[in-house]
Structures are given as C-alpha cells and as structure tokens.
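Novice: This is the structure I have questions about; it appears just below.
The numbers here are math on the coordinates, done by the rules we state, and not lab data. Keep in mind that this is a model prediction, so the values were computed, not measured. So basically every Cβ, Gly included, is an ideal-geometry build from the backbone, and we count neighbours across all protein chains shown.
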Amino acid sequence: MDFLELVKKRFSLRKYSSKKIDRELIEKCLEAARLAPSACNSQPWYFIVVDDEKLKNDLADIAFSGIYSSNSFAKKAPVLVVVVNEKSNYVARVGGFLRGTQYSLIDIGIAVEHFVLQAQELGIGTCWLGWFNEKGVKRYLGIPKSKKVEAIVSMGYPPEGVVPGEKKRKNLDEIRKYFTGER
C-alpha cells in the first residue's frame with residue numbers, strides 16, 4: 001500500500017468487532033515500534049500487551065471508569081497495549097534538559113505511530129489514548145511508581161461497514177512555509 005494511502009486510511013477506531021487478533025499480528029506491530037528511531041538510540045519504551053479477555057476487561061474497568069469514562073469505548077477492544085516510559089539514556093536526558101525538550105515523549109510518539117500504522121496496514125484499528133487512570137493501571141499491572149504510563153492503545157478489527165470519515169485537517173498552505181532567505 002502506498003504510504004500516503006495508509007496514512008489517509010488510519011483513524012482512531014472507537015467501535016470494535018469481537019474478532020480476536022492473532023498474537024503474530026500484534027508482534028508485527030511491536031516489531032514496527034521496536035524499529036522506531038529514538039534520541040541517542042535510547043529506546044525509552046516498554047509495551048505491555050493485555051489480550052486475555054478477562055484480564056483485558058479488568059484492566060479496562062480500572063483504566064476507563066469514573067472521570068475517565070469518556071474512553072470507555074476501549075473496553076470493547078479485544079486488546080489493550082500499555083505504553084510505559086523507560087528512562088532515556090544519559091546523553092538524551094542531558095540534551096533534553098539543555099534544550100528544554102523531553103525527548104522520550106517524542107521517541108514514544110514515533111514508536112506508537114509506527115505501531116498504529118503497522119496495525120492499520122494489517123487491517124486492525126487502533127485508538128491512541130492518553131486519558132486513563134494511570135495509578136490504577138500501574139497498580140493492576142505491577143508497574144513501579146517510578147515509571148510513567150504515557151498511553152494505552154486499544155486494538156481491534158472494525159465492525160463491518162465502519163470506514164474512516166474524511167479527515168479535517170488544516171490546508172497545506174496553513175502549515176508550510178519555504179524559507180527563502182527573506183525575513
């Protein structure tokens with residue numbers, strides 16, 4: 001598939017069929033994330049895949065209840081992938097401090113985008129979620145308090161007939177400027 005076509009087809013899926021996802025396909029998505037570039041090759045990520053139905057339901061109930069219920073649609077996804085921020089290496093942390101940039105977040109963003117684009121190419125829908133009960137998720141999964149859960153990605157096949165709508169994005173002229181030397 002042409003890359004721009006893939007990007008155009010990728011959307012945040014919020015309705016899922018009950019069809020299970022083979023672990024082989026999840027592994028392919030994880031491999032795409034693993035190959036993502038990162039500052040100083042620090043690879044500051046860790047992915048926890050929850051695909052057992054009962055465990056996934058328990059996690060979803062913890063993650064997406066109460067004030068986080070706006071994302072309760074993710075409870076219907078057959079797979080949840082928890083993205084944990086590992087510590088960047090020393091050079092990336094120092095460079096980030098000097099620049100005022102947390103490179104690990106950029107790195108995780110690239111890795112998760114690789115993950116969701118690979119899923120889309122396989123016909124699997126995803127939704128990248130940042131609003132969830134982090135304390136509850138960490139407690140349930142045994143993630144140390146010193147770690148940060150940056151995102152949860154829900155994964156599943158779209159129900160029949162669900163297709164992406166037209167993307168509402170700024171016009172290219174609104175986001176691009178070629179520098180010509182003039183100020």
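Novice: Which residues make up the longest stretch of the chain that has no GluC sites (Glu not before Pro) in a DSSP loop with at most 15 other Cβ atoms within 10 Å? Write down the numbers at each step before the final one.
Specialist: Details: sites that count: 86, 160, 166, 182.
For GluC sites (Glu not before Pro) (loop position, at most 15 other Cβ atoms within 10 Å), the longest site-free span of the chain is 1-85.
Novice: What number, rounded to the nearest 500 deg cm²/dmol, is the helix-based mean residue ellipticity at 222 nm of the chain, given -39500 (n - 2.57) per DSSP H run of at least four residues and division by all its residues?
Specialist: -11500 deg cm²/dmol
Novice: Counting only residues 5 or more places away or on other chains, whose amide H sits under 5 Å from the amide H of residue 151 once H atoms are built in the peptide plane?
Specialist: Answer set, sorted by chain and number: 83.
Novice: When you take every Cα atom in region 11-175, what is the radius of gyration, and what is Dmax, the widest Cα pair distance, in Å?
Specialist: Final numbers for Rg and Dmax: 16.5, 50 Å.
Novice: Quick one: check the C-alpha center-to-center distance for region 118-148 versus region 49-91, whole angstrom.
Specialist: Cα centroid to Cα centroid, the span is 4 Å.
Novice: Quick one: among 156, 123, 165, which has the greatest mean-square fluctuation in a GNM of the chain with alpha-carbon springs under 10 angstrom?
Specialist: Judging by the Gaussian network model, the answer is 165.
Novice: Take 167, 15 and order them by how many other Cβ atoms sit within 10 Å, fewest up front.
Specialist: Lowest to highest Cβ neighbour count: 167, 15.
Novice: Only bridges with both residues in the chain count here: give the DSSP antiparallel percent, nearest 5.
Specialist: Approximately 95 percent, going by the DSSP bridge assignments.
Novice: Further question on the same structure: The chain: longest stretch without exposed chymotrypsin sites (Phe, Trp or Tyr not before Pro) (DSSP loop, at most 14 other Cβ within 10 Å), sites themselves excluded? Mind showing how you got there, number by number?
Specialist: Details: sites that count: 131, 178, 179.
Looking at the chain, 1-130 is the longest stretch - no exposed chymotrypsin sites (Phe, Trp or Tyr not before Pro) with at most 14 other Cβ atoms within 10 Å.
Novice: Mind telling me which of 25, 98, 122 comes out most flexible in a GNM of the chain, alpha-carbon contacts under 10 Å?
Specialist: Answer for the Gaussian network model of the chain: 98.
Novice: Mind counting lysine pairs for me in region 13-138? Cα separation below 12 Å, and the two need to be 8 or more apart along the chain or on different chains.
Specialist: Going through region 13-138 pair by pair, I get 8.
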